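Please treat every number below as a calculation from the coordinates, not as lab data. Not measured: the values here are computed from a predicted model. Every residue, glycine as well, gets a Cβ built from its backbone with ideal geometry; the counts of neighbours run over all protein chains shown.
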Amino acid sequence: MAKAIQTFQFAATILAISSLVMASPSSITNKGSASQPKSTQPQNSASSQTKNKEIIKINGLKDGKIIQNGNNIVVQGGTIVSKPGTSQPLIQIQNPKNKNILVQNTRIISDGYKQDNSDGDAAIIIIENGKQYGNSTSRVKVNNVRVKAQNTTVRAKSSGGASACAGVVCTGSGKDDENNITVEIRGNNYFEAIAND
């Protein structure tokens, strides 16, 4: 069994603004993430079928609005603050089915976030619109989202030859998606991504 691993550890302050237009999770340090490309052609396994399930979660939003009108979902404003030891993504959008999703003018503040995912990506924010699984009818747009994270420990493992991403922000949005995220990282942080066959 082949195994690929990438770690990313630092104790510095990073402030970066990036307009993100990309496919599949990749290692872009200004998002505070480590990633490992798929090691083989992804297999049609039960695990990969599970990853095709729709997940839309916005956890702990305060002073903001979540508006849903049919297939349109808007997360407008507000702040999400995680407590030390939080182990679930604060924003998780994966494989939306026929949805148009907009997240804008929202702040995320995290201290002591810890996540260890043994089968998939792990991050404070995970966005994957599902196009790599053939879902081409959804659009995810992120505008003016600011993430401040410190003392973060994140580990991610993938199976079946899929890619793995671990960090503050992991995106796998399609090329038509427009994302603007500001990431500020402080303190001691450790990110590890492992891709297994």
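Enumerate by residue number the trypsin sites (Lys or Arg not before Pro) in the range 53-100 meeting two conditions: DSSP loop (anything except H, G, I, E, B), and at most 16 other Cβ atoms within 10 Å of the site's Cβ. Listed in order of number, the matching sites are K53, K97. A protection proxy built from the mean count of other Cβ atoms within 10 Å ranks the segments 117-128, 148-159, 67-78, most packed first, as 117-128, 148-159, 67-78. If R0 is 35 Å, the Cβ-Cβ spacing of N188 and Q76 corresponds to a FRET efficiency of close to 0.55.
A Förster radius of 45 Å combined with the Cβ-Cβ distance from Q68 to K114 puts the calculated FRET efficiency at roughly 0.90. Y190 sits among other residues whose Cβ lies under 13 Å from its own Cβ, and their net charge, with Lys and Arg +1 and Asp and Glu -1, is 0. Looking at the range 47-130 alone, DSSP beta bridges between its own residues are antiparallel in about 50 percent of cases.
Short to long, the 5 Å bins of the Cα pair-distance histogram for the range 76-134 hold 4, 16, 23, 22, 19, 12, 4, 0 percent of all pairs.
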